[in-house]
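Student: Can you keep this structure in mind? I'll have questions shortly.
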Amino acid sequence: MSYVSTLMALAIGAASPLIATAGQWEGPLNGITAEVVTQGYQAYSTSSASLAKLSVALCNAPSEQALAATQAAFKINAQDWQQLQWLNFGPVTYFMRYYAFEYWPDKKGVTQRQLRTLAQGDPSVMDAPKFWTSASIAVRGLTAIESLLYHPDFTPTQSSNHCRLLDKITAHHAQSADAVFKQWQEGKAQDWVFDEEGMGFDPEKVALEQFLQQWIEHMSAVKDAKLETPIGYNGRENLKLAEFYRSDLSLKAIQKNLQTYREIYHAGSPSLFDIAKQNDARLAEQLESLLTDNIKLALLLPDDFFNGHYTKEERFNLAQPLVKSISNSQSTLSNIVTTLGFQIGFNSRDGD
Amino acid sequence: MLSRRSFLMLSGTLITTPTWAALSQQEAGAALYASAYSLDKNTHFFALFDDEGSISWTAPLSQRAHAPVIHPRQSIVGIVGRRPGFFMDFFDVSSNQRIKRIEPSKDHHFYGHALFSADGTQLITQENYYPTGEGKIFIRDWPSGNILQSFSSNGIGPHESVFLNDQVLVIANGGLMTHPREDRNILNLDTMQSNVTYLSLKEGRILNQATHHEALHQLSIRHLDVNQKGTVALGFQYQGDMWDQVPLVALSRLDRPELDYLPMPEDIRVRFKQYCGSVCFDKSGDILAISTPRGGLVAFWHVETKTFLGVENCRDVCGLVSTSNAHEFLLTSGTGAQLKSNPVQNTSEMIKNHTNIQWDNHFRQINIENYA
């Protein structure tokens, strides 16, 4: 009898999705939280502080060299953000910080309009204690900083008002980045999920589910908003819709996002990759291969992909392999997480 | 067009369809609920379940559906294909047979919702005349499905409608112009404007129409419910940026030209992610519930005082109906949960969790007692 039971158990084990056990998701959840998110915010906080410091130096002694140094610090900071952009979850959701860190796509030019208004007004308003709690998210982060450093309407080396604006915004931005880092350092992902009474609630699994859902959704954003939309893949070309196009970071941002995807997949012990491999080795390896291809294909795109002299058709042809690869990665990741027993939004991702 | 032979056969089937009361062997007051569900991307069903969450009847569907429609007398349930919908399937629960499929007329599609008149002789459908994008309301004969009358919905995208009374239909014109050849792409994002229209079914005349001011033109009025006092609750889906601070819920009345936006704490509004799913009053009409699958919660208000009461957390929740008890709601989610929630008593009870089932957007109650 026990022999039959063992055989049946083995048969069920081979045919069923991974059966959830207590602590099963600890490895990937803790790994992603520590290695991708917390470390990412540490780097982001450090580079935000450096950007703020260089902005002060620029305003104290304006020069082209100081401007170039501040622009370089901005680029490092904006790239650090790309490691974190996939996750609108946890401390970054407080005070609309996620949208304040990057107000994009700013289709109506709200940031520049509000920056002009601020630059023309009394700069001391920004010293008021409650200014930043009520300030528009359009002027609180990287999008505004990029405008002040790169938009021809703003001349921080010549206008003390413009520079003061830069100084204030970078200081606030650095404080926000540091606050999020500290909250991640002191807390854990499970603190940020909402308890569901009477449902056998597993905060670890629900937190990882949120991570996975946001990762899948970010893949769509990279493919659609960052790559397809500006080059007019499915419509009219408008290269100004590319992310951070003034600072020429549009392609580098995508490359960083795609590198982060692989880090998410392999973070922790066991990692999501390890668990997926145990469940369905073929599917797990397929995603591994696609995530690697994504990085290679993005690196193969010419550095001037977004700002060089290419026809729309040329850009389409250059982008097509990457568009397809990201799309395949998204479906494969969805398949993997579904077979692992996660619910990634039947109604929330496809309602009406 | 049905042949005479088909018509006679169909009429025979429908005439012999038992009433809900005759069908039910349950005690008086027992309730059944109708909902579509999916097992995976390609496997879809329509089901009835009871007060304890146990599924008592299922029928396979060829595609994913959206909202059920319940015949008020006979034991017939229908389900409308999701937008752009090209079918409405009707089933006789007693025989477990699909008894009818209604398809939209040429160049039209359904929006996922429909409703029967109180006497069950007419079926009202909201449709898109997609060559122009004009919203249409069709009054169809039941059971033939033939169109008896058609009206303009007086807007674009009439997603859901409810009866204010026998003569007045309240329509949520969502404002989104779409064309089936472009899937669900919004073709009028820059110019869209939604409205709620009170339409006289006698004359096709607008009795009242309310909309948002221009700055909120991308706020789509999508789902609605009406209580015994004639107050209409509206749930919105915002097509603008995620960071915009926009109202997501409002009340409306036949005699008021303005929408009355309901307050909620900002941290809860942010969790809605600009998206309301189902809108539902409780049995007393005093409590309003709005689900948001993107936010994983249902929010509650006391209607008279417009007081925000709190939330019930439930991942991927969308389906929402009032139960036969005042202040109590039944919720269904894409994770398979069926949950009873009473925001006045502050109680919630998981009645069943079908972990392999994904309950679809909307479900409806069949109150056997009401139909006896």
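Student: Extent of the protein assembly as shown along each principal axis, from alpha carbon coordinates, in Å, largest to smallest?
Tutor: Taking max minus min along each principal axis of the Cα atoms, the protein assembly as shown gives 89, 75, 55 Å.
Student: I've got another one for you. What is the distance in Å between the Cα centroid of the stretch A:140-186 and that of the stretch B:242-306?
Tutor: 36 Å
Student: Could you tell me whether the stretch B:1-147 comes out rounded, prolate or oblate from its Cα gyration tensor? Rule is a ≥ b ≥ c as square roots of the eigenvalues, rounded for a/c under 1.5, then prolate if a/b exceeds b/c, otherwise oblate.
Tutor: Numbers: a/c = 1.80, a/b = 1.28, b/c = 1.40.
Oblate shape, in that a/c is at least 1.5 and b/c is the bigger or equal ratio.
Student: Ok, one more. Helix A:281-300: angle to the longest alpha-carbon principal axis of chain A, degrees 0 to 90, nearest 10?
Tutor: The answer is roughly 20 degrees.
Student: Taking a cut-off of 28 Å, what percent of all Cα-Cα pairs in the stretch A:193-339 are separated by more than that? Walk me through the numbers before you get to the answer.
Tutor: Details: 3017 of 10731 pairs.
So the pairs more than 28 Å apart make up 28 percent of the total in the stretch A:193-339.
Student: Springs between alpha-carbon atoms under 10 Å, Gaussian network over chain B: tell me which of B:GLN149, B:GLN345, B:GLN193 tops the mean-square fluctuations.
Tutor: B:GLN345
Student: A further question on this structure: Under 13 Å from the Cα of A:LYS277, which aspartates and glutamates turn up, not counting those fewer than eight places away in the same chain?
Tutor: Straight-line reach from A:LYS277, under 13 Å: A:GLU285, A:GLU288.
Student: Over 26 Å between Cα atoms: which of A:LYS130/A:LYS182; A:LYS188/B:LYS340; A:LYS108/A:LYS324; A:LYS107/A:LYS252; A:LYS205/B:LYS352 fall into that group?
Tutor: Working: A:LYS130/A:LYS182 22 Å; A:LYS188/B:LYS340 30 Å; A:LYS108/A:LYS324 30 Å; A:LYS107/A:LYS252 21 Å; A:LYS205/B:LYS352 20 Å.
Where the Cα-Cα span goes over 26 Å, the pairs concerned are A:LYS188/B:LYS340; A:LYS108/A:LYS324.
Student: Still on this model: Counting only protein heavy atoms, probe 1.4 Å: which residues of the stretch B:294-329 lose 50 Å² or more of accessible surface in the full assembly compared with their chain by itself?
Tutor: SASA drop of 50 Å² or more in the stretch B:294-329: B:ASN313, B:ARG315, B:ASP316.
Student: In addition: Can you send over the carbon and sulfur percentage of the accessible area for the protein assembly as shown, probe radius 1.4 Å, protein chains only? Don't skip to the answer; put the middle values down first.
Tutor: Values: 15150 of 29990 Å².
Accessible surface attributable to carbon and sulfur in the protein assembly as shown totals 51 percent.
Student: Which residues of the stretch A:130-166 bury at least 20 Å² of accessible area once all protein chains are present, versus their chain alone (1.4 Å probe)?
Tutor: none
Student: Skip the ligands, DNA and RNA, and give the accessible area per residue of the protein assembly as shown with a 1.4 Å probe, whole Å². Present the calculation step by step, with values, prior to reporting the outcome.
Tutor: Values: 29990 Å² over 724 residues.
Per residue, the protein assembly as shown has an accessible area of 41 Å².
Student: Could you tell me whether the stretch B:113-269 comes out rounded, prolate or oblate from its Cα gyration tensor? Rule is a ≥ b ≥ c as square roots of the eigenvalues, rounded for a/c under 1.5, then prolate if a/b exceeds b/c, otherwise oblate.
Tutor: On the way: a/c = 2.09, a/b = 1.32, b/c = 1.58.
Since a/c reaches 1.5 but b/c is at least a/b, the shape of the stretch B:113-269 is classed as oblate.
Student: Here's another thing I want to ask about it. Out of all Cα-Cα pairs in chain B, roughly what percent, to the nearest whole number, are more than 36 Å apart?
Tutor: On the way: 10917 of 69006 pairs.
Looking at chain B, the distances longer than 36 Å represent 16 percent of pairs.
Student: Additional query: Can you give the mean number of other chain Cβ atoms that lie within 10 Å of the Cβ atoms in peptide B:336-342? Walk me through the numbers on the way to the answer.
Tutor: Values: counts 2, 5, 0, 4, 1, 1, 0.
Mean shielding count: 2.
Student: Does anyone have the angle between helix A:110-120 and the longest principal axis of chain A? Alpha-carbon axes, 0 to 90°, nearest 10?
Tutor: Once rounded, the angle reads 30 degrees.
Student: Under a straight-distance cross-link criterion of Cα-Cα below 19 Å, which aspartates and glutamates are reachable from B:LYS106, leaving out those fewer than 8 residues away in the same chain?
Tutor: Output for B:LYS106: B:ASP89, B:GLU127, B:GLU134, B:ASP141, B:GLU182, B:ASP183.
Student: As a test of the definition: with a 1.4 Å probe, what buried accessible area, both sides summed, do you compute for B against A, in Å² to the nearest 100?
Tutor: The summed interface area works out to 2700 Å².
Student: Mind pulling the angle between the C-alpha long axis of helix A:39-60 and the longest principal axis of chain A? Nearest 10 degrees, somewhere in 0 to 90.
Tutor: For A:39-60 against chain A, the angle is about 0 degrees.
Student: A further question on this structure: Near B:LYS306, which aspartates and glutamates are there with a Cα under 19 Å away, not counting those fewer than 8 places off in the same chain?
Tutor: B:ASP225, B:ASP255, B:GLU258, B:ASP260, B:GLU266, B:ASP267, B:ASP282, B:ASP286, B:GLU328
Student: So which cysteines in the protein assembly as shown don't have a second cysteine's C-beta under 4.7 Å from them?
Tutor: B:CYS276, B:CYS280, B:CYS314, B:CYS318
The values are calculated or read from the model by the stated rules, or taken from the named source; none is laboratory data. Since we're looking at a predicted model, the values are computed, not measured. Cβ: placed from backbone, ideal geometry, glycine included. Neighbour counts: every protein chain shown. These accessible areas exclude ligands, DNA and RNA; they are computed on the full protein's heavy atoms, side chains included. Shrake-Rupley method; radii C 1.70, N 1.55, O 1.52, S 1.80 Å.
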